[in-house]
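Data block below; observations after.
Coordinate-derived values only; no laboratory data. None of these values were measured; they are calculated from a predicted model. All Cβ positions, even for glycine, are placed from backbone atoms using ideal geometry, and neighbour counts span all protein chains on display.
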Amino acid sequence: MKFISLLFVSAAAAFAGGFSGVFDAGWSTAYQRPDSLTKMHARLHSLGMPEVILQYGIVDGTHRYYDSKLPFGASGTTTYNNYHLFDYSLAAAKAAGNHLWLGLYYNGTDWYTPPTMAELDTLAARNVMVIDELYTLYGTNDVIRGVYIPQEIARYYWDGLRSDATAASLVEHFLKPVTAAAQAKGWKVMAAPFYNANLETPAVLHGFFEDLFKAGWIPDVIAVQDGIGAADNGKAHVTLADLGNYLRAVKAACDEYGVEFWVDTEMFATGASGTLADEARLYAQADTAWNVGAVNVVGYDLAVLGNAGLDSLEIWQAAHKTTAVAPPAGPRVQKKSAIPLHYWNLNGARVPRPER
């Protein structure tokens, strides 16, 4: 349930921050050459988007995005052998001045039925092994901000579907050991939970995060998925009219326990996960997130940009020329940069090439 951002500005807005980062699930970037990723990261930086979250390290049985030697991630254990993405992205981010978050282990299972405690223990153990291996490979690289837990947390998986499926058990058997392992190495930890307004009120959502934090899980960043564009059986997870109330509920719990609050903005069109949403909706999402008080607003995901690549957003940037007042804290407002006239067209991400 999770693109790229840029500055959206409006004369009516109190401030403008657009998006300050993006998720990269690797669907297209894993096939790009190092020079392509270097230019893409430079362009992201120029658009004011230095926070890049590599969503996965290993997807069990299908993808490996770094050169793992673990029994469940080594060469031959996955269908796709895209193990250069982490190395290429680290070099590209360093050249551009961006920050990376490294995704961990994902077993390919969405939690429509809560895992058993034994399954959570196995999942935690594998994530800790990935953290240890990543630290051995990249621990001295100052481009890395921390790690990203790719499992998506939602209250209704852990609230009565089964007697042992509680917030406390999720914390004890999975979230706490994984977070502790990363933080012990000096790395921050980010997670991106989601919610569905058809199943919970803002007050109930706030209570769930309090339960997680009270049970001892204190990540560094919660980047809550805003839910706009997501739908089940034609029913939207949340409307723009209600979005602010749900974001404020999560932020209140984060503020109480000292967790940094980010918003993970869904950039796909409703009912079409591979199509970019329209400008007005994306601007409203980002504006709501900044007004609620997000430290960063990151988009999901690069692949949503499609064949137009970064131009999908840069065109809109040119349409919003009103000078914006910078927000009081956190995100940097980036002035519009000149659009290069020549590009390499690479897997949906058009990157500029210099004049000869």
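Each of F72 and E256 was given a label point 7 Å from its Cα along the Cα-to-Cβ line. The distance between the two points is 3.3 nm.
In whole percents, the pair-distance distribution calculated for the range 202-280 from its alpha-carbon pairs, binned every 10 Å from zero, is 18, 44, 27, 10, 0. Over 24 Å between C-alpha atoms is what I'm after, so list which of K176/K235; K69/K185; K94/K251; K94/K188; K39/K69 land there. Over 24 Å Cα-Cα: K176/K235; K94/K251; K39/K69.
The antiparallel fraction among DSSP beta bridges confined to the range 187-263 stands at about 25%. Fully extending the segment from A231 to T62 would add 58.2 nm, taking 0.36 nm per residue of separation and subtracting the current Cα-Cα distance. At the listed q of 0.06, 0.14 Å⁻¹, the Debye profile of the range 21-352, built from one uniform point per Cα, gives log10 I(q)/I(0) equal to -0.20, -1.18.
Using 0.36 nm times the number of residues separating D142 and A118, minus their current alpha carbon distance, what extension gain do you get? Show your work: numbers first, answer last.
On the way: separation 24, 0.36 × 24 = 8.64 nm, distance 3.52 nm.
Additional length available on full extension: 5.1 nm.
Label point of T239 set 7 angstrom out along Cα-Cβ; within the range 163-199, amide nitrogens under 14 Å from it belong to 197-198.
Solvent-free Debye calculation, one equal scatterer per alpha-carbon of the range 136-207: log10 I(q)/I(0) at 0.12, 0.18 Å⁻¹ equals -0.43, -0.80.
The chymotrypsin sites (Phe, Trp or Tyr not before Pro) of the range 52-113 that DSSP puts in a loop, and whose beta carbon has at most 14 other beta carbons within 10 Å, are Y112.
Count Lys and Arg as plus one, Asp and Glu as minus one, and take only other residues whose Cβ is under 14 Å from that of G258; the net charge is then -2.
Karplus-derived 3J(HN,Hα) values for the range 230-236, using 6.51 cos²θ - 1.76 cosθ + 1.60 with θ = phi - 60°, are 7, 8, 10, 6, x, 9, 4 Hz; glycine and proline are entered as x.
Among DSSP beta bridges lying fully in the range 21-352, give the percent that are antiparallel, nearest 5. Display every interim value, and only then the final one.
Working: 11 of 43 bridges.
Around 25 percent antiparallel, to the nearest 5.
Using the Karplus relation 6.51 cos²θ - 1.76 cosθ + 1.60 with θ = phi - 60°, the per-residue 3J(HN,Hα) values for the range 80-90 come to 10, 10, 9, 6, 8, 4, 4, 4, 5, 5, 4 Hz, with x marking Gly and Pro.
Near the amide H of G146, within less than 5 Å, lie the amide hydrogens of L102, K188, all on another chain or at least 5 residues away, with H placed in the peptide plane. The phi torsions of the range 112-121, fed into the Karplus equation with coefficients 6.51, -1.76 and 1.60 and a -60° offset, translate into couplings of 5, 10, x, x, 6, 5, 5, 5, 5, 4 Hz, rounded to whole numbers, with Gly and Pro shown as x.
Looking at the range 17-129, the DSSP beta bridges with both ends there are about 15 percent antiparallel.
FRET efficiency for the pair R162 and A284, taken as 1/(1 + (r/R0)^6) with r the Cβ-Cβ distance and R0 = 56 Å, rounds to 0.90.
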